[in-house]
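Quick notes on the structure that follows.
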Amino acid sequence: MAMRRAAVVLAVILVSVPASAEVRRFGLMLDAGVPDGANGALVYRPWSFLRIHAGGGHNLMAPGVRMGIDLLPLGAGITLSADAGHYFNGDVNSLMRLVTGDKGMSVDALTKVGYAYANFHLGFEVGQKYATFYLRGGVSYVNGVVRDPGSSKIDPYTDITFNGDPRIKAWTPSARAGLIVYFAK
């Protein structure tokens, strides 16, 4: 409840503060990265040093949502970014088949995997007025649950049995590349 109130207050403040006349405030963002997958988002830039974005995407397993904030402390060039996202349960087997090339691979424990994540990135970008291309890297915290894994046969000699839903928590390196196109003031 407190998070919802804080988000509403922040939104009211940001919408009520006028942006500089030369800054295009609204845009579309497209990017791809790990653990983000491919995402599209609406961007709101109330000031030249701050961007807020929210949207959705896909990680080759399931759809998800993401929102975040970008700070440009020097006005352009270098960015500090924080994002939070969630991917709904999806079948990881399709991704594993793609990565391994084994078309028959199927692990029961990988049929319902979803996760939430938070990214903390340092980035470099070019362009400010009409379009911005960026590269970002840093760390991500990933927190996921494998739902109803039951028993899985990994190979002819190995069976894994779970008594509950295993939770996976990890800090991992992450990166993203993307493009923002601004369309309105």
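Throughout, read-outs are computed from the coordinates displayed, never taken from laboratory work. Computed from a predicted structure; not experimentally measured. FYI the Cβ positions are ideal-geometry reconstructions off the backbone, even for glycines, and counts take in every protein chain you see.
Observations, loosely collected:
- Compared with the alpha-carbon gap, the fully stretched path from PHE124 to LEU74 is longer by 16.9 nm at 0.36 nm per residue.
- Count of Lys pairs (Cα-Cα under 20 Å; at least 8 positions apart or interchain) in the chain: 5
- Counting neighbouring Cβ atoms within 10 Å and putting the fewest first, the residues ARG147, ARG136 line up as ARG147, ARG136.
- Between helix 2-16 and the chain there is an angle of about 30 degrees, using the helix long axis and the longest principal axis of the Cα atoms.
- At R0 = 35 Å, FRET efficiency that the Cβ-Cβ distance of LEU28 and ASP102 yields, to 0.05: 0.40
- Calculated FRET efficiency for the pair PHE88/ASN163, C-beta based, R₀ 25 Å, to 0.05: 0.55
- Dividing the summed -39500 (n - 2.57) terms of all DSSP H runs of n ≥ 4 by the residue count of the chain sets its mean residue ellipticity at 222 nm at -4000 deg cm²/dmol.
- Taking the average, over residues, of other Cβ atoms within 10 Å as the packing measure, peptides 119-132, 155-168 rank 119-132, 155-168 from highest down.
- Given the choices [x] 0.95; [y] 1.00; [z] 1.07, Rg/Rh (Cα atoms, Kirkwood Rh) derived from the coordinates of this structure is entry [z].
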